[in-house]
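Undergrad: Below are the structure tokens for one structure; questions will follow.
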Amino acid sequence: MTIAFFDAKPYDIEAFDQAVQSTDIHIKYYETKLNEDTVRLAEGAQAVCVFVNDTVNAAVIDRLCALGVQVVALRCAGFNNVDMKYAFGKIHVLRVPAYSPYAVAEHTAALLLTSVRRIHKAFIRTRDNNFSLSGLKGFDLHGKTVGVIGTGKIGRVFIDICRGFGMNVLAYDKYPANGLDNGDTVRYTDLDTLFANSDIISLHCPLTDETHHLIDESSLDKCKKGVVILNTSRGALVDSQALLEGIKARKVGAACLDVYEEEADLFFEDNSGHILDDDTLARLISMPNVIVTSHQAFLTKEALSNIAETTVDNLLGFFENGQCPNELCFRGGIAEDCKSGRCF
Ligand code: NAI
């Protein structure tokens, strides 16, 4: 079986070469992302393997089908870059629903601590023998209220971490989890109450039409002055321009972003020799109270090997048995894991 693997990075190649040992899978690695211009590279492959910033729109799906490609194997959980409605009935879409919620939740906690204790500033100062503490005052997390939007796998691990710090949790989810609300330190609430009462807000829900720009001018208006916004989920959950205005107005106390709504052409690449065309991102990065990492939250050795092993199992299962529990279905207007075992 031949797989055309797009947006390949050295750490992907290392993990996947390990995972396909003793299988009949042959991987052709391509550094380029999948899009309408590069889709022809999939010729001769039975499946393509793609990541978060590859484009799987209607035109790409049509071309893949014409080339005889049967499967899009996502090596990630989110699938907002796939036109699921169009794909249904044409091409099978497999994903890795979970690989390490700890990786993402722990990165979120790392960003939070770095921000509120000004570690990013202190690190640079002491390297320059500047041992002054001026401007480095932080605040205790203990006793603060964190609003967690999305209480799935990652959100729940993040809640556990926050509880370890003695924080109170206000949670919001379209589909609340049984047994999480203890009526005391962790409580489900509506979004407006969460916005009004949280010192820190962390996003752990998928990007959908409903959650697009969940954090915008109107929601920021409802927040406490000094609120810290954490986004390790998907960039377009946050209206970046509104966030920037909120920071300039001193309404937002800090922002930690592992994702950015226009990240596709920038993140994961070394652009250090280039002039950044995106003024909003450039301005955000210039702020002393903004920390940006480039979609790095998943990047642990445990997560990478889980991603590779699950993707290979998905492909072997699909091509051997014609079905895979991690296939995505699009029924009734929503995409979800296939319950029937045969999507079409
Ligand atoms: P999950 O599927 O376990 O949890 C998502 C939760 O969001 C579910 O409880 C769901 O009910 C809830 N939800 C759905 N629609 C909602 C809405 N309109 N409002 C509020 N909540 C809603 O997913 P998981 O594994 O916890 O991942 C969460 C997100 O993290 C993913 O969607 C993905 O975008 C992001 N992610 C980011 C990574 C990174 O490296 N930065 C790596 C992996 C995931």
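The values are calculated or read from the model by the stated rules, or taken from the named source; none is laboratory data. This one's a predicted model, so the numbers in the text were calculated from it and none came from an experiment. Glycine gets a Cβ as well: all are built from the backbone with ideal geometry, and neighbour counts include every protein chain shown.
Undergrad: Hey, can you tell me all the residues within the range 234-244 that are touching a helix residue (DSSP H, G or I) at 6+ places or on another chain (Cβ under 8 Å) and either assigned to a helix (DSSP H, G or I) or farther than 10 Å from Asp216 by Cβ (or both)?
TA: Keep residues of the range 234-244 that are touching a helix residue (DSSP H, G or I) at 6+ places or on another chain (Cβ under 8 Å), which gives 235, 239-244.
Once the filter is applied, which keeps residues that are touching a helix residue (DSSP H, G or I) at 6+ places or on another chain (Cβ under 8 Å) and either assigned to a helix (DSSP H, G or I) or farther than 10 Å from Asp216 by Cβ (or both), the range 234-244 yields Gly235, Ser240, Gln241, Ala242, Leu243, Leu244.
Undergrad: Among (1) in contact (Cβ under 8 Å) with a residue 12 or more places away in the chain; (2) assigned to a loop (DSSP other than H, G, I, E, B), which single condition is Asn271 missing?
TA: Every condition holds for Asn271 apart from (1).
Undergrad: Using the structure shown, decide if Leu237 is within 16 Å of the ligand (Cβ to nearest atom), over 30 Å from Gly135 (Cα atoms) and touching a strand residue (DSSP E or B) at 6+ places or on another chain (Cβ under 8 Å).
TA: Taking the combined requirement at face value, the residue satisfies it.
Undergrad: Only one of Asp199, Asp239 is touching a Gly at 6+ places or on another chain (Cβ under 9 Å) and surrounded by 14 or more Cβ atoms within 10 Å (Cβ to Cβ); which?
TA: Numbers: Asp239 fails: touching a Gly at 6+ places or on another chain (Cβ under 9 Å).
The conditions single out Asp199.
Undergrad: Checking the conditions here, which among Asp184, Asp173 is loosely packed, with under 15 Cβ neighbours inside 10 Å and not assigned by TED's automatic domain parsing to the domain that holds Asn80?
TA: Just one listed residue meets the conditions, Asp184.
Undergrad: Right, something else. Would you confirm whether any residue within the range 307-323 is among the acidic types (Asp, Glu), within 15 Å of the ligand (Cβ to nearest atom) and in contact (Cβ under 8 Å) with a residue 60 or more places away in the chain? Spell out the reasoning first.
TA: Going through the range 307-323, the residues among the acidic types (Asp, Glu) turn out to be 309, 313, 320.
Restricting the remaining residues to those that are within 15 Å of the ligand (Cβ to nearest atom) gives none.
No: zero hits.
Undergrad: Are any residues in the range 244-279 within 23 Å of Gly150 (Cβ to Cβ) and within 18 Å of the chain's Cα centre (by Cα), and if so, which ones?
TA: Answer for the range 244-279, where residues must be within 23 Å of Gly150 (Cβ to Cβ) and within 18 Å of the chain's Cα centre (by Cα): Ala255, Cys256, Leu257, Asp258, Val259, Tyr260, Glu261, Glu262, Glu263, Ala264, Phe267.
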